[in-house]
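Worksheet: the structure to be examined is printed underneath.
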Amino acid sequence: MSVPFFIKSRKTTRLSALVLAACLLLSALLATEPVAYAEPASAPAANHSLSSGVCDALWIFSHRVSESGQDILTEKALEESRRSDAEAERQLLSTLNEEGALYAEEVAASRAAQEAAAKEIIRAADDAEHAIVGSAVPKPEAPPAAKSAPANLLCFLGEEVPFQQGGPADIAAPNGYASTWVGTGRVTDNANTYFIGHNPGVFARVIDLELGDKITVFDDTGASRTYHVFDTLILPNGSNYFVYEGRIAPMGETITLQTCCADNRHVRCVMAR
């Protein structure tokens, strides 16, 4: 209820009180019996009728005043209810915003912890390799027989898997080989190469690769690079590549190995850099 309406209602109440008092006084005067003189026989009936009309007017007036007061109380109750609803809505929005911020912080902390763990595993593997190489006593060996450098070859977990060039149009990997599905296979193009292969088959050991494991790639020029596993992911077979592209095909000089799981309804993706 606005302030002008409130002031107006107070003035109306005062005026109503004055009118009520005047009516009560008039009623009292009309109800008083005459003392000094006699009135005609019809006078009492007239006085009674007038008194009854005044009482009826007073009852109607008081009833309307009561209705006006009730309307004011109802308006106040409605206004209070609106304020309560608005405050409850503000509190709910504040709670939802706080919960969303906490969830975002938890997700960021979890990702940071995973990246730190992967880096620590890679660092520990490198340190162990350097320690083994440093402690080894060199022995004289006969000159190795000349042989051609390997090319188009993947080496991991003691396996040597040849690969050939493929493309996104390939709906399945070839038998006996792995294949590039996206990328060139080059180890110096600063881009991701996506390899696919069968399980059971040449990519059966992809299921066993874990964080920190090494994968060495010899490309078609004979150049080689050793990558370290930093992420793995299992997806439903036939998933939309572009939905998960940012994770399964990371930027920079990286590789991805994909093969079918045992149930043939899921695939396992292994990412290394």
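The values are calculated or read from the model by the stated rules, or taken from the named source; none is laboratory data. Keep in mind that this is a model prediction, so the values were computed, not measured. Quick reminder, even Gly has a Cβ in these numbers, built from the backbone with ideal geometry, and neighbours come from all protein chains shown.
In region 155-167, what residues are touching a residue at least 60 places away in the same chain (Cβ under 8 Å) and either under 40 Å from the mean Cα position of the chain (by Cα) or part of a loop (DSSP other than H, G, I, E, B) (or both)? Quick ask: steps written out before the conclusion?
Filtering region 155-167 down to residues touching a residue at least 60 places away in the same chain (Cβ under 8 Å) leaves 155-156.
Hit for region 155-167 is Phe156, nothing else.
Of the conditions (1) under 21 Å from Asp126 (Cβ atoms); (2) more than 39 Å from the chain's Cα centre (by Cα), Lys214 fails just one. Which one is it?
(2)
Is there a residue in region 162-178 that is among the small types (Gly, Ala, Ser), crowded, with 19+ Cβ neighbours inside 10 Å and modelled with pLDDT of 95 or more? Show your work before the answer.
Here is the first cut: in region 162-178, the residues among the small types (Gly, Ala, Ser) are 166-167, 169, 172-173, 176, 178.
Cutting the leftovers down to crowded, with 19+ Cβ neighbours inside 10 Å gives us 166, 173, 178.
Right, trim to modelled with pLDDT of 95 or more and you get 178.
Yes: one or more hits.
Per-residue answers, yes or no, for (1) closer than 18 Å to Ala118 by Cβ; (2) more than 32 Å from the chain's Cα centre (by Cα); (3) not in a strand (DSSP E or B):
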{"residue": "Val187", "(1), (2), (3)": "no, yes, yes"}
{"residue": "Phe195", "(1), (2), (3)": "no, yes, no"}
{"residue": "Glu210", "(1), (2), (3)": "yes, no, yes"}
{"residue": "Asp220", "(1), (2), (3)": "no, yes, yes"}
{"residue": "Thr232", "(1), (2), (3)": "yes, no, no"}
{"residue": "Gln258", "(1), (2), (3)": "no, no, no"}
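Take the residues in region 197-208 that are in a loop (DSSP other than H, G, I, E, B) and touching a residue at least 60 places away in the same chain (Cβ under 8 Å), then tell me which one is surrounded by the most Cβ atoms within 10 Å (Cβ to Cβ). Talk me through it step by step, then tell me what you get.
The initial filter retains those residues of region 197-208 that are in a loop (DSSP other than H, G, I, E, B), namely 197-203.
Now drop any that are not touching a residue at least 60 places away in the same chain (Cβ under 8 Å), which leaves 197-199.
Working: Gly197: 25, His198: 18, Asn199: 19.
Per the criteria, the residue is Gly197.
So which pairs qualify, if the first residue must be in region 241-259 and buried (at least 16 other Cβ atoms within 10 Å of the Cβ), the second must be at pLDDT below 90, the Cβ gap must be under 9 Å, and the two must be at least 6 apart or on different chains?
Hits for this filter: Ile248/Tyr241; Ala249/Tyr241; Gln258/Ala173; Thr259/Ala173.
Please go through region 129-161 and give me each residue that is among the hydrophobic types (A, V, I, L, M, F, W, C) and modelled with pLDDT of 60 or more, ordered by number. Working first, answer last.
Looking only at region 129-161, we keep the residues that are among the hydrophobic types (A, V, I, L, M, F, W, C), and these are 131-133, 136-137, 142, 145-146, 149, 151, 153-157, 161.
Once the filter is applied, which keeps residues that are among the hydrophobic types (A, V, I, L, M, F, W, C) and modelled with pLDDT of 60 or more, region 129-161 yields Ala131, Ile132, Val133, Ala142, Ala149, Ala151, Leu153, Leu154, Cys155, Phe156, Leu157, Val161.
So which residues in region 179-196 are polar (S, T, N, Q), under 15 Å from Arg225 (Cα atoms) and buried (at least 18 other Cβ atoms within 10 Å of the Cβ), if there are any at all?
Quick first cut of region 179-196, residues polar (S, T, N, Q) only: 179-180, 184, 188, 190, 192-193.
From what is left, the residues that are under 15 Å from Arg225 (Cα atoms) are 184, 188, 190, 192-193.
Answer for region 179-196, where residues must be polar (S, T, N, Q), under 15 Å from Arg225 (Cα atoms) and buried (at least 18 other Cβ atoms within 10 Å of the Cβ): Asn192, Thr193.
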